[in-house]
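Contents: one structure, followed by commentary.
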Amino acid sequence: MEILKIENLSKVYGKGETAVKALDDVSFSVDKGEFVVIIGPSGSGKSTLLHLLGGVDQPTSGKVWVDQTDMYELDESQLAIFRRRQIGLVYQFYNLIPILTVEENITLPMLLDSHKVDQKQFKEIVRILGIEDRLNYLPNQLSGGQQQRVSIGRALVSNPSIVLADEPTGNLDSKNSEEIMELLKMFNKTYNQTLLVITHDERIALQADRVISIKDGRIANDEVIRP
Ligand SMILES: Nc1ncnc2c1ncn2[C@@H]1O[C@H](COP(=O)(O)OP(=O)(O)OP(=O)(O)O)[C@@H](O)[C@H]1O
Ligand SMILES: [Mg+2]
């Protein structure tokens, strides 16, 4: 089943002589449960692509469907709700809210939607992530690896259609990088959670089901490694 579809997606930053075409007519689709890695040189448009898939930026042209919903046909408030429910975002620098505890950071997207947090699911996620004894800590009282576990918890708690991660291990040492990738893969395989990861790390690319390489805002290669 197709969970994500991108059609003729382009993004131009700026106007006139200083305009930058960051994404140039990109189309592809992703099946539910696929683990896709996106690789490419610095400045090739990877983060731009992820921001457009995550609904955090507007495309210049083209369309994005997540779970059959044409995302950019939604109005601003519908899009905000859709994003919180259907898309889990994980960033290199965690993007946690410093004045909120671990538990509050994880449950915030649900509370913003006036959704009850499924306590059983919450407990299960924090147990798997190994942060159940840190729920009342603030982000600055955690190691980088722990902060990334919290941001993964936040991304997963609403049971989203897709998880998008932009260099999720880029700020971590090799042991923590491996553990974070194992966790993301575990949620991908065990819960059939669709996963898109941007990385510069070839070892991570080799773990994916499929690798899409981006160059100059275009798809240079799209290869299924594990059918
Ligand atoms: N907000 C912005 N305003 C103007 N130009 C931008 C903006 N964001 C990105 N760009 C430009 O778009 C192009 C693609 O940037 P993007 O961040 O998507 O690259 P990337 O592949 O993620 O690179 P990296 O591997 O270094 O993170 C670059 O040329 C960049 O300068
Ligand atoms: Mg980037």
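Just so you know, all these numbers are worked out from the coordinates, no wet-lab data involved. Please read these numbers as outputs of a predicted model, since none were measured by experiment. For neighbour counting, all protein chains shown are included, and Cβ atoms are generated from backbone atoms with ideal geometry for every residue, glycine included.
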Notebook entry, point to check: What is the Cα centroid distance between region 61-105 and region 124-185, reported in whole angstrom?
Noted result: 17 Å
Item checked: Computed over region 2-224: relative contact order in percent, which uses C-alpha pairs under 8 Å that are six or more apart -> 30 percent
Notebook entry, point to check: Suppose R0 equals 25 Å; then what is the FRET efficiency for Asp113 and Glu2 from their Cβ-Cβ distance, rounded to the nearest 0.05?
Noted result: 0.50
Notebook entry, point to check: Which percentage, to the nearest 5, of the DSSP beta bridges contained in the chain is antiparallel?
Noted result: 55 percent
Next item on the list: Please work out how much length the chain gains when fully extended from Tyr72 to Leu206, using 0.36 nm per residue of separation minus the C-alpha to C-alpha distance, in nm with one decimal.
Entry: 45.0 nm
Checklist line | Using θ = phi - 60° and Karplus 6.51 cos²θ - 1.76 cosθ + 1.60, couplings along region 134-144 (whole Hz; Gly, Pro as x) | finding: 10, 5, 9, 7, 8, x, 6, 9, 10, 6, x
Checklist line | Cross-link pairs beyond the 27 Å C-alpha cut-off, checked among Lys46/Lys175; Lys32/Lys63; Lys123/Lys185; Lys21/Lys189 | finding: Lys21/Lys189
Next item on the list: State, to one decimal in nm, how far the label point of Lys15 lies from the label point of Asp173, with both points 7 Å from Cα in the Cβ direction.
Entry: 5.0 nm
Margin query: Using a 7 Å offset from the Cα along the Cα-to-Cβ direction at both Ser29 and Asp57, what is the distance between the two label points in nm, to one decimal?
Written below: 2.6 nm
Note to self: Just to be sure I understand: with springs between alpha-carbon atoms less than 10 Å apart, which residue in Val150, Val102, Val117 has the highest mean-square fluctuation in the Gaussian network model of the chain?
What the structure shows: Val117
Next item on the list: Give the angle, between 0 and 90 degrees and rounded to the nearest 10, that separates the Cα long axis of helix 76-86 from the longest principal axis of the Cα atoms of the chain.
Entry: 60 degrees
Notebook entry, point to check: Which three extents, in whole angstrom, do the alpha-carbon atoms of the chain cover along their principal axes, largest first?
Noted result: 51, 39, 37
Check: How do the peptides 214-226, 23-35, 187-199 rank, highest first, by the average count of neighbouring beta carbon atoms within 10 Å per residue?
Finding: 187-199, 23-35, 214-226
Notebook entry, point to check: Between Glu223 and Ser143, what is the FRET efficiency for a Förster distance of 35 Å, r being their Cβ-Cβ separation, to the nearest 0.05?
Noted result: 0.50
